[in-house]
Amino acid sequence: MRLATLFILTSLIARAQFTYTISQDIPVISGSDTLSLALAGGFNAAQFNTMDLNGDGLEDLVIFDRMAGRVVTYLNNQSSYRYHPEYEVFFPIEVSGFMLLRDFNCDGNKDLFTKDLLGIRVFKNITVQGQPPAWEPVLFYTGFPGPKSDVILTLGFSGKINLQLQPDDMPALLDADGDGDLDIMNVKFVGTSTIEFHKNFSKERYGTCDSLDFVRITQTWGDVEECSCGDFAFFGNSCSASGGRIKHAGGKSLLVIDIDHDNDLDVLYSESECTRVYQLTNTGDKDNPLITEARTFPPETPVNILPFPSVYFEDVDFDGKRDLLASPNIFVREYFSTNLKQSAWFYKNTGTNEAPAFTFQKRNFLQEEMIDVGDQSVPALYDADGDGDLDLFIGSFATDGLGRGSIFYYDNVGTRTEPAYELITEDLYGLSFYGFTNIKPQFFDMNGDGKTDLVFTASNRFGVGTNLYFVPNQNNIGLNFQDQSVTPLNFPIFAGENVTIAYINDDKLPDILLGKQNGSVQYWQNTGIPDTPVFTLANSEYLGLGPSVLRQFPTTSIGDLNGDGRQDMILADQTGTITIIDNFKQTSNAGNGIRDVIFNSISQSYTSMNLGGRIWTTVANLYSMNKPAIIVGNVLGGLHVLKHDGGQVLPEKPTIDIFPNPISTSQIPYLSVRLDRPAIARVFTITGQYTNKSLEMQGQQVYELPVDDLSPGIYIISFSIDGKTYSRRFMVL
């Protein structure tokens with residue numbers, strides 16, 4: 001009993017060292033605009049829904065991003081949206097493929113419909129007033145003894161069957177026949193691409209709308225068949241009869257509304273091979289639909305998204321009229337030229353809800369107010385201008401719609417305790433002209449000259465040929481890459497794999513931790529010399545992290561997270577969650593890592609959460625605290641900042657330790673330096689001559705400064721901290 005109690009207490013103490021809040025308090029400036037949603041995390045394949053999250057009677061915005069498998073929540077402030085991630089963890093973990101919020105039981109609360117391997121799952125909204133969203137899975141009676149079905153059933157030709165969809169399909173959920181309950185329309189699962197209508201008999205059989213009792217009425221609603229992208233057969237003709245070809249290999253998306261205000265239903269249709277949305281106009285009537293034409297939609301400024309745009313009908317500008325939004329319905333990037341930095345097209349409804357008229361407004365709805373570099377935002381921080389604070393760099397996969405990656409550079413224009421970032425360039429040093437994609441930057445001294453270099457992995461413009469590169473820095477302080485070329489380090493990897501440069505052993509040569517496709521983490525030791533690194537595989541399952549079907553392309557970052565002077569590791573993977581491994585160099589197994597580290601203000605507890613699908617982390621002391629922050633990039637192209645909620649602002653006067661002093665360089669070649677905050681250290685002779693030795697420090701850990709080439713004598717090590725200078729003397733014997 002005592003052992004169990006001790007284990008629980010030890011676990012709680014360990015977690016207490018790693019506790020964070022999602023911070024949105026850092027201003028970010030782009031041009032003349034201070035971004036209102038700067039650290040909201042971006043999005044790529046957004047599915048737009050509205051529901052009242054906080055019980056204030058206003059419809060808030062709930063996005064499911066298919067590329068990250070993530071629900072993103074924004075509260076309605078009546079004239080704008082504010083990012084509130086605390087609601088995200090209250091949505092079912094089973095959400096995948098698509099998420100549509102519709103009130104099927106007429107209780108005023110929207111219920112949740114999502115994709116399942118076997119069809120469509122439903123979660124009933126059971127939220128209690130004043131409480132966060134809560135859901136209950138709906139089960140369906142099969143008509144046979146035994147367990148009920150987890151997915152919607154419909155009465156087919158020979159009994160109840162799953163209402164099955166293709167993996168990429170988006171059905172339409174609406175009251176199609178005007179009887180007050182929720183019906184379903186979808187494209188036929190196999191065979192021809194015709195539209196099915198599944199009528200809900202809840203009203204007819206039970207007198208209420210609180211059931212989902214479906215019968216497939218027809219597989220040829222509107223007598224229309226899609227043959228291929230933009231090619232349709234009408235009047236019940238088949239594609240083969242009209243000279244077309246049948247193709248239902250990819251997904252289909254339907255939005256069914258009365259576009260032309262003639263009291264029948266029209267269809268906005270799109271598919272995975274297309275960049276356009278097509279309006280299928282119903283020239284029949286409510287009870288006898290007949291589709292006779294298809295045209296790109298809207299007529300002026302048609303949707304044009306590569307590939308597979310899906311459209312959504314929600315009021316997002318607070319005027320009470322439902323607008324049109326379009327976003328790619330994709331699971332992964334399929335084309336390098338897809339512009340995921342502008343992947344949310346907004347058409348304002350300038351008509352009415354009954355007779356909508358859609359006027360194009362922008363391609364980057366909400367994205368314009370975020371840091372959003374497209375996809376695969378990989379953050380790195382470094383004092384680029386030598387002013388004593390950390391500037392922000394973000395690598396991207398392919399930013400400009402031309403299939404080229406780049407590095408975004410933001411200058412820190414804030415203070416030591418209150419950072420603020422201003423966008424300087426979206427293409428640092430013109431790296432896009434190298435034709436790279438998939439750029440993942442870091443900063444490290446790769447050639448042993450005491451200067452911090454730009455290090456990155458990148459793929460060629462075809463997404464293969466991935467290698468490790470660095471650009472030598474000419475400056476002791478800050479960055480200067482003038483006339484320096486991009487140098488390959490001859491460490492080829494697969495495109496999705498992730499490299500972390502770090503000192504793993506004690507030889508002060510930069511080593512590599514490699515996150516592999518199969519989920520393992522490999523340790524590659526640098527067996528070369530300072531100016532010529534050579535990497536040799538030393539451990540194929542570092543910290544016990546071997547191949548795993550539950551973990552893909554893991555990422556790592558390293559820093560002293562709890563201020564105890566020892567290095568910790570952050571491990572992340574495709575789930576978007578982080579695991580912190582305390583004092584990782586003294587750990588043999590990562591299985592004891594800590595996951596519940598993010599504070600939720602609603603549940604008043606610490607939890608793990610999806611921060612954007614595949615994520616990349618880095619550690620930086622942004623707030624001049626005794627415990628640094630974690631900066632998180634993700635597959636959605638945005639950023640989150642995790643601020644340690646147990647950290648304290650450092651006192652005005654820094655704590656500086658240097659040892660041993662005096663130092664005998666024949667026995668110990670490194671002077672150990674410890675500082676409680678970020679600083680730039682420079683070494684001078686007693687007469688004031690600069691020795692060309694410098695050290696950039698993030699604080700809260702011991703740094704080792706090579707001094708074995710200094711002649712015996714007295715030296716001064718000067719620390720630049722937030723515009724002030726502090727000095728210490730040391731003696732070389």
Cα radius of gyration and Dmax for region 528-591 (Å)
13.7, 38
Based on the alpha-carbon gyration tensor of region 1-160 and its eigenvalue square roots a ≥ b ≥ c, which shape applies: rounded if a/c is under 1.5, prolate if not and a/b is larger than b/c, or oblate?
oblate
If r is the Cβ-Cβ distance from ALA538 to SER23 and R0 is 30 Å, what FRET efficiency results, to the nearest 0.05?
0.20
Where nothing but the Cβ of Lys and Arg (+1) and of Asp and Glu (-1) is charged, how large is the charge dipole of region 359-412 around its Cα centre, in debye to the nearest 20?
480 debye
Taking the alpha carbon gyration tensor of region 619-694, what are the square roots of 5 times its eigenvalues, largest first, to the nearest whole Å?
34, 16, 13
Using alpha carbons only, how many angstrom separate the centre of region 682-719 from the centre of region 163-215?
73 Å
At ASN460 and ASP258, where each label point lies 7 Å from the Cα along Cα→Cβ, what is the point-to-point distance in nanometres?
5.8 nm
Less than 15 Å Cβ to Cβ from ILE501, Lys/Arg counted +1 and Asp/Glu -1: what total charge do the surrounding residues give?
-3
Read phi for every residue in region 339-352 and hand back ³J(HN,Hα) as whole Hz from Karplus 6.51 cos²θ - 1.76 cosθ + 1.60, θ = phi - 60°, with x for Gly and Pro.
8, 7, 7, 10, 10, 9, 7, 10, 10, 6, 7, 9, x, 10
Test of understanding: extend the Cα→C-beta vector of ASP210 to 7 Å, then name every residue of region 128-142 with backbone N under 19 Å from that spot.
128-129, 134-141
Determine the gain in length on full extension of the stretch LYS362-THR301; use 0.36 nm per residue of separation and subtract their C-alpha separation, reporting nm with one decimal.
20.9 nm
Stretched fully, the stretch from LYS724 through ILE424 gains (0.36 nm per residue minus C-alpha distance, one decimal, in nm) 105.4 nm
If you build the Cα gyration tensor of region 133-187 and take the root of 5 times each eigenvalue, what three semi-axes come out, in whole angstrom, biggest first?
20, 16, 14
With the dipole of the chain defined by +1 on each Lys or Arg Cβ and -1 on each Asp or Glu Cβ, the option from ASN54, ALA384, GLN517 whose Cα lies farthest towards the positive pole is GLN517
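With a probe of 1.4 Å, find how much accessible area the chain has per residue, and write the answer as a whole number in Å².
40 Å²
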May I ask you to list the chymotrypsin sites (Phe, Trp or Tyr not before Pro) in region 112-143 that are in a DSSP loop and have at most 15 other Cβ atoms within 10 Å of their Cβ?
TYR141
How much FRET efficiency would the formula 1/(1 + (r/R0)^6) give for SER548 and ASP596, where r is the Cβ-Cβ distance and R0 is 22 Å, rounded to 0.05?
0.60
So, over other residues within a Cβ distance under 12 Å of PRO472, counting Lys, Arg +1 and Asp, Glu -1, the net charge is -4
When the convex hull of the C-alpha atoms of region 63-104 is computed, what volume per residue in Å³ does it have?
97 Å³
For LYS199, counting only lysines whose alpha-carbon sits under 18 Å away and dropping same-chain residues fewer than eight positions off, the answer is LYS160, LYS188, LYS286
Using Cα-Cα distances under 8 Å and only pairs 6 or more residues apart, what relative contact order does the chain have, in percent?
10 percent
Express the relative contact order of region 197-349 as a whole percentage, based on alpha carbon pairs under 8 Å and six or more residues apart in sequence.
14 percent
Longest site-free stretch - the chain; sites: trypsin sites (Lys or Arg not before Pro), DSSP loop, at most 13 other Cβ within 10 Å:
246-733
Residue span THR417 to SER240: 0.36 nm per residue of separation minus Cα-Cα distance leaves a gain in nm of 56.8 nm
What is the spin-label model distance, in nm, from THR34 to SER158 if the labels are put 7 Å beyond Cα along the C-beta direction?
6.8 nm
Can you pull the percent of the chain's accessible area that's carbon plus sulfur, 1.4 Å probe, other chains left in place?
51 percent
Between ILE529 and GLU704, the FRET efficiency computed from the C-beta separation at R0 = 22 Å comes out, to the nearest 0.05, as 0.80
Is there a quick way to get the dipole size of the chain? I mean about its Cα centre, with the Cβ of Lys and Arg at +1 and of Asp and Glu at -1; what is the value in debye to the nearest 20?
2060 debye
Expressed as a rounded percentage, what relative contact order does region 578-733 have, with Cα pairs under 8 Å and six or more residues apart?
15 percent
Lysines within cross-link reach of LYS643: Cα-Cα under 28 Å, excluding same-chain residues under 8 positions apart?
LYS341, LYS440, LYS585, LYS627, LYS653, LYS724
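Assigning unit charges at the beta carbon (Lys, Arg +1; Asp, Glu -1) and nothing else, what dipole magnitude in debye, to the nearest 20, does region 180-287 show about its Cα centre?
Working: 10 positive and 19 negative charges, 97 e Å.
Dipole magnitude for region 180-287 comes out near 460 debye.
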According to a simple spin-label model (label point 7 Å from Cα along Cα-to-Cβ), what is the distance in nm between THR142 and LYS508?
6.9 nm
Under a 5 Å amide H to amide H cut-off, with H placed in plane at 1.01 Å, what residues pair with ILE424 once short-range neighbours are removed?
TYR409, TYR410, ASP411
Distance between region 276-339 and region 392-445 - C-alpha centres, whole angstrom
33 Å
Putting +1 on Lys and Arg Cβ atoms and -1 on Asp and Glu Cβ atoms, find which of SER228, PHE197, THR142 reaches farthest to the positive end of the dipole of region 137-271.
THR142
Cα centroid of region 465-493 to Cα centroid of region 44-105, whole Å:
42 Å
Check which residues have an amide H placed less than 5 Å from PHE98's amide H, if you skip close sequence neighbours.
LYS115
Overall Cα dimensions of region 277-321 - principal axes, largest extent first, Å
34, 29, 18
The ³J(HN,Hα) series, computed from each phi in region 322-332 with the Karplus coefficients 6.51, -1.76 and 1.60 at θ = phi - 60°, rounded to the nearest Hz and given as x for glycine or proline, is 6, 9, 10, 10, 10, 8, x, 9, 10, 8, 9
Using the Cα centre of the chain as origin and beta-carbon charges of +1 (Lys, Arg) and -1 (Asp, Glu), tell me which of PHE444, SER79, THR154 is placed farthest towards the positive end of the dipole.
PHE444
Within-15-Å neighbourhood charge of GLN484 [Cβ basis; K, R +1; D, E -1]
-4
So if a site counts as exposed when it's one of the GluC sites (Glu not before Pro), its DSSP state isn't H, G, I, E or B, and it has at most 10 other Cβ atoms within 10 Å, what's the longest stretch of the chain without one?
1-299
For region 418-501, the spread of Cα positions along each principal axis, largest first, Å:
36, 31, 28
Per principal axis, descending, Cα span of the chain in whole Å:
98, 64, 47
Report ³J(HN,Hα) in whole Hz for each residue of region 26-34, in order, from the Karplus equation J = 6.51 cos²θ - 1.76 cosθ + 1.60 where θ = phi - 60°; Gly and Pro get x.
9, x, 10, 10, 10, x, 9, 10, 8
Using Cα-only point scatterers and the Debye equation, what is log10 of I(q)/I(0) for region 269-419 at each q in 0.12, 0.14, 0.17, 0.18 Å⁻¹, rounded to two decimals?
-0.66, -0.81, -1.02, -1.08
What fraction of the Cα pairs in region 341-408, stated in percent, has a spacing above 14 angstrom?
69 percent
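The values are calculated or read from the model by the stated rules, or taken from the named source; none is laboratory data. Please read these numbers as outputs of a predicted model, since none were measured by experiment. Every residue, glycine among them, receives a Cβ derived from its backbone with ideal geometry; neighbour counts consider all protein chains shown. Just so you know, the surface numbers come from the protein's heavy atoms only, side chains and all, with ligands and any DNA or RNA stripped out. Shrake-Rupley method; radii C 1.70, N 1.55, O 1.52, S 1.80 Å.
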